[in-house]
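Take a look at the structure below.
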Amino acid sequence: MKKIKNPWRNLVYINAEITNSKGELCNEGEAIYFLLNQEMAKEMGFLHCEVEDD
């Protein structure tokens, strides 16, 4: 389960939880992501991102 909180300018704080097959909480944490627009991302070498299916 992911939950976005406190978006501020180019920063997004995300709460994440990992649960087992019984729905029991195994671990939790917070991540801070810095967001770029597409032009800035290309300038920094981020051309594409491969993702896995759910």
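Hey, does the range 46-54 have a residue that's open to solvent by less than 80 Å² (accessible area, probe 1.4 Å) and free of Cβ contacts under 8 Å to residues at least 24 places away in the same chain?
Step one: list which residues in the range 46-54 are open to solvent by less than 80 Å² (accessible area, probe 1.4 Å), which gives none.
The answer is no; no qualifying residue exists.
Looking at the range 39-54 only, could you name the residues that are assigned to a loop (DSSP other than H, G, I, E, B), over 18 Å from residue 11 (Cβ atoms) and either modelled with pLDDT of 85 or more or among the hydrophobic types (A, V, I, L, M, F, W, C) (or both)?
Pass one, the range 39-54, residues assigned to a loop (DSSP other than H, G, I, E, B): 44-54.
Okay, now just the ones that are also over 18 Å from residue 11 (Cβ atoms), so 45, 47-54.
Once the filter is applied, which keeps residues that are assigned to a loop (DSSP other than H, G, I, E, B), over 18 Å from residue 11 (Cβ atoms) and either modelled with pLDDT of 85 or more or among the hydrophobic types (A, V, I, L, M, F, W, C) (or both), the range 39-54 yields 45, 47, 49, 51.
Any idea how many residues of the range 8-31 are exposed (fewer than 10 other Cβ atoms within 10 Å of the Cβ) and either β-branched (Val, Ile, Thr) or part of a strand (DSSP E or B) (or both)?
Let us first name the residues in the range 8-31 that are exposed (fewer than 10 other Cβ atoms within 10 Å of the Cβ), namely 8-9, 20-24, 26-27, 29.
Cutting the leftovers down to either β-branched (Val, Ile, Thr) or part of a strand (DSSP E or B) (or both) gives us 8, 26-27, 29.
Of the residues in that region, 4 qualify.
Which members of the range 20-38 meet the condition of being modelled with pLDDT of 95 or more and of a type in the set (S, T, N, Q)?
20, 21, 27 - these are the residues of the range 20-38 that are modelled with pLDDT of 95 or more and of a type in the set (S, T, N, Q).
The values are calculated or read from the model by the stated rules, or taken from the named source; none is laboratory data. Remember, it's a predicted structure, so these values are computed and weren't measured experimentally. Glycine also receives a Cβ, built like all others from the backbone with ideal geometry; neighbour counts cover every protein chain displayed. SASA here: full protein model, heavy atoms, side chains in, ligands and nucleic acids out. Shrake-Rupley method; radii C 1.70, N 1.55, O 1.52, S 1.80 Å.
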